[in-house]
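Visitor: Mind having a look at this structure? Questions to follow.
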Amino acid sequence: MARENLTNMRARAAAIEERLFAIYGEGECSLDHADPFSLTVAVILSAQCTDAAVNKVTPALFAKYPTPADLAAAKLQDVEDIIHPLGFFHSKAKNLIACAQKVVADYGGEIPESMEGLQSLPGVGRKTANVVMCQAFRNAQGIAVDTHVFRIAHRLGFATRNDDTPDKVEAKLLKVYPQTDWLYINHQWVHFGREFCSARNPKCLTCPIHDLCPRRGV
């Protein structure tokens, strides 16, 4: 396949976004949350486990610790007991408490509304910060690259073999998609990945963007 120039890639990306928006709209966040605090906690917990698993433990967690101040004062063992079904619950519990403590101490009990502020919180990396900025504050500063976005970006030819980290993939996507679309890509692609472009046995024959994909089932 001939190398695609950036202009053509952007045109193809726009066509893909138009079709996915028609199917999924802006896309819905799969993590149950009520505010920026609960979203931040849920995204921290979602590392290395499914959103469905997170949604099973967060009701009890938020019932006991509804605010950053409540979580900041929590005992580590009590938090671990609640999130025990999730992977890496020891480190996640420590991060949650430390995160809440920093929010209370440095940000007046409110989740910061900037990438810099979010990434200063324990347990919050760029992916988590991107999700919170888009979902909670609707101020997209990037695109959250999870396993679905990473996989789909490569299959669609927006990322190459050399783009072997989430940061590299994000950098490529930010060149292809205009900032007005950054709000939607992660949620849309998560749903698209689950429904059509799964890691194993993707449903290429019924895929709504089959003709726009350079791999087509490879």
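Visitor: Would you point out the residue of segment 33-56, among those that are hydroxyl-bearing (Ser, Thr, Tyr) and assigned to a helix (DSSP H, G or I), that is surrounded by the fewest Cβ atoms within 10 Å (Cβ to Cβ)?
Guide: By that ranking, first place goes to Ser38.
Visitor: Of the residues that make up segment 95-106, is at least one outside any helix (DSSP H, G or I) and more than 18 Å from Val57 (Cα to Cα)?
Guide: No.
Visitor: Working only within segment 133-176, note down all residues that are among the hydrophobic types (A, V, I, L, M, F, W, C), under 22 Å from Arg3 (Cβ atoms) and either open to solvent by less than 40 Å² (accessible area, probe 1.4 Å) or assigned to a loop (DSSP other than H, G, I, E, B) (or both).
Guide: Across segment 133-176, the qualifying residues are Ile152, Ala153, Leu156, Phe158, Ala159, Val169, Leu173, Val176.
Visitor: Of the conditions (1) under 29 Å from Thr180 (Cα atoms); (2) open to solvent by less than 30 Å² (accessible area, probe 1.4 Å); (3) at pLDDT 95 or above, Val79 clears all except one; give me its number.
Guide: Condition (1) is where Val79 drops out.
Visitor: Next up: Report whether or not Asn55 is polar (S, T, N, Q) and farther than 25 Å from Arg194 by Cβ.
Guide: no
Visitor: Kindly provide the set of residues from segment 177-218 that are outside any helix (DSSP H, G or I), under 15 Å from Ala153 (Cβ atoms) and touching a Phe, Trp or Tyr at 6+ places or on another chain (Cβ under 9 Å), ordered by number.
Guide: Answer for segment 177-218, where residues must be outside any helix (DSSP H, G or I), under 15 Å from Ala153 (Cβ atoms) and touching a Phe, Trp or Tyr at 6+ places or on another chain (Cβ under 9 Å): Tyr177, Cys197, Pro202, Ile209.
Visitor: For segment 1-29, what are the residues that are outside any helix (DSSP H, G or I) and out of contact with any His (no Cβ under 8 Å at 6 or more places or on another chain)?
Guide: Met1, Ala2, Arg3, Glu4, Asn5, Gly25, listed by residue number.
Visitor: When you scan segment 84-91, do you find a residue that is more than 20 Å from the chain's Cα centre (by Cα), in a helix (DSSP H, G or I) and without any contact (Cβ under 8 Å) to a residue 60 or more places away in the chain, even just one?
Guide: Yes, segment 84-91 contains a residue that is more than 20 Å from the chain's Cα centre (by Cα), in a helix (DSSP H, G or I) and without any contact (Cβ under 8 Å) to a residue 60 or more places away in the chain.
Visitor: Out of the residues in segment 7-32 that are in contact (Cβ under 8 Å) with a residue 60 or more places away in the chain and open to solvent by 70 Å² or more (accessible area, probe 1.4 Å), state the one that is nearest to the chain's Cα centre (by Cα).
Guide: Ranking the qualifying residues of segment 7-32, first place goes to Glu28.
The values are calculated or read from the model by the stated rules, or taken from the named source; none is laboratory data. Worth saying up front: this structure is predicted, and the values here are computed from it rather than measured. All Cβ positions, glycine included, derive from the backbone under ideal geometry; neighbour counts span all protein chains shown. Remember, those area values only see protein heavy atoms, side chains included, never the ligands or the DNA or RNA. Shrake-Rupley method; radii C 1.70, N 1.55, O 1.52, S 1.80 Å.
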